[in-house]
Amino acid sequence: MALSHSILVLRALGLGDLLTIVPALRGLRKAYPDDRVVLAAPEALRDLVGLIDAVDDLLPTAGPGALRWDGAAPKLAVNLHGSGPESIRDLLAARPGTVLTHHHPDFPDLPGPEWHDDMHEVDRWCRLLRFGRIDADPTALLLPVPPEPAPESNVVVLHPGAAYPARRWPSERFARVARELGADGHRVVITGTCGEIPLANAVAEQAGLPPSAVYAGRTGLAQLAALVAGAALVVCGDTGVGHLATAFGTPSVLLFGPTPPHRWGPPADAKHHVPLWAGAVGDPHSDHPDPGLLMLRPEHVLTAAAGLLGEKVRHG
């Protein structure tokens, strides 16, 4: 079988998921400088994938079962998607010369490290590459500033939404943070998806912010990335926007619960990112806000924000 000079990487997930594999992608690029690195990921992430210096092409892939590889078989297929059999099966269908993946009992002939749940997501994929004798630097997370002009700069970005209710801090608490930061003279803006427009509007109204402060549903990924890159501060839950702040070095206050920051948070030594966590692990797919997340109060966020913005703490 003739093999192409291509490295096929599968990560058909969301925004934050993409940003956690940037160090692994850079490790692959360094190990295979003359080969074409193709990332199978959702089309919606194209603008952000374009900022990653380790990827040559995006192969639009919506999720498990959607990978369609045409042409000569890749020399290497790397499973940065997960531990389940679906992702392994998708990559094997491309008939690669070699597959690098975690071990799964459905594929006993494929070697790979055992999957451990309690690992940081960045470290997980760097560890997988090391199993394949490929070096990867887990600190290589930063991306260049997007070429897209930012709608505004030097603002405080509040992102109240999250993929699951378990990770959504109450809107009235975001509103209090927005109101007090606004009273201190900061321009506060609210971001979100089209589906989060009602939530963003509710936060803005409770905080007394003008309609112009609501960017939910008004920005594509490129504009959102530019807004975060040029912001003075980001305040959000355990979401992709938090990973954007890490990628662009933007100071952030990140509210964790039910998943601890040692699994999905910013680098532990990054002092300009402050992860808040009450210490309680819960169900990340619950349809109610996690009890541990609710233990975080607006005062905690405002104190952390003041420290990052270089201000005295003043709670009204």
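The values are calculated or read from the model by the stated rules, or taken from the named source; none is laboratory data. What you see is a predicted model; the values in this text were computed from it and never measured. Cβ atoms come from the backbone with ideal geometry, glycine included; neighbour counts cover every protein chain shown. Note: areas computed on protein heavy atoms with side chains; ligands, DNA, RNA excluded. Shrake-Rupley method; radii C 1.70, N 1.55, O 1.52, S 1.80 Å.
So, Pro251, is that one open to solvent by 20 Å² or more (accessible area, probe 1.4 Å), in contact with a strand residue (DSSP E or B) (Cβ under 7 Å, 6 or more places away or on another chain) and in contact (Cβ under 8 Å) with a residue 24 or more places away in the chain or not? So Pro251 fits the description; yes. Scanning the range 148-164 for residues that are out of contact with any Gly (no Cβ under 6 Å at 6 or more places or on another chain), open to solvent by less than 40 Å² (accessible area, probe 1.4 Å) and under 19 Å from Pro275 (Cα atoms) turns up Val156, Val157, Leu158, His159, Pro160. Just checking, how many residues over the range 82-108 are in contact (Cβ under 8 Å) with a residue 40 or more places away in the chain and either touching a Gly at 6+ places or on another chain (Cβ under 9 Å) or basic (Lys, Arg) (or both)? Here the count works out to 2. Taking first residues from the range 264-291 that are more than 20 Å from Thr20 (Cβ to Cβ) and partners that are basic (Lys, Arg) and part of a loop (DSSP other than H, G, I, E, B), the Cβ contacts under 7 Å between residues at least 6 apart in sequence or on separate chains come to Pro289/Arg168. Just to verify a result, which residue in the range 87-131, among those that are more than 22 Å from the chain's Cα centre (by Cα) and in a helix (DSSP H, G or I), is surrounded by the most Cβ atoms within 10 Å (Cβ to Cβ)? Among residues in the range 87-131 that are more than 22 Å from the chain's Cα centre (by Cα) and in a helix (DSSP H, G or I), the one surrounded by the most Cβ atoms within 10 Å (Cβ to Cβ) is Leu91. The strands (runs of 3 or more DSSP E) found entirely in the range 1-81 that carry 2 or more residues being in contact (Cβ under 8 Å) with a residue 24 or more places away in the chain are 6-10, 36-41, 76-79.
Of all residues in the range 11-42, count the ones that are of a type outside the set (Phe, Trp, Tyr) and farther than 19 Å from His243 by Cβ.
Initial filter on the range 11-42 (of a type outside the set (Phe, Trp, Tyr)): 11-31, 33-42.
Those still in the list that are farther than 19 Å from His243 by Cβ too: 28-31, 33-38, 40.
The number of residues fulfilling the criteria is 11.
Sort through Gly242, Gly185 and tell me the only one that's of a type in the set (Gly, Ala, Ser) and either open to solvent by less than 30 Å² (accessible area, probe 1.4 Å) or part of a helix (DSSP H, G or I) (or both). Going through Gly242, Gly185 in turn, the sole match is Gly242. Against the numbered list (1) part of a strand (DSSP E or B); (2) under 21 Å from Leu45 (Cα atoms), Leu276 comes up short only at (2). The lone criterion from (1) in contact with a Pro (Cβ under 9 Å, 6 or more places away or on another chain); (2) in a loop (DSSP other than H, G, I, E, B); (3) open to solvent by less than 30 Å² (accessible area, probe 1.4 Å) left unmet by Asp137 is number (3).
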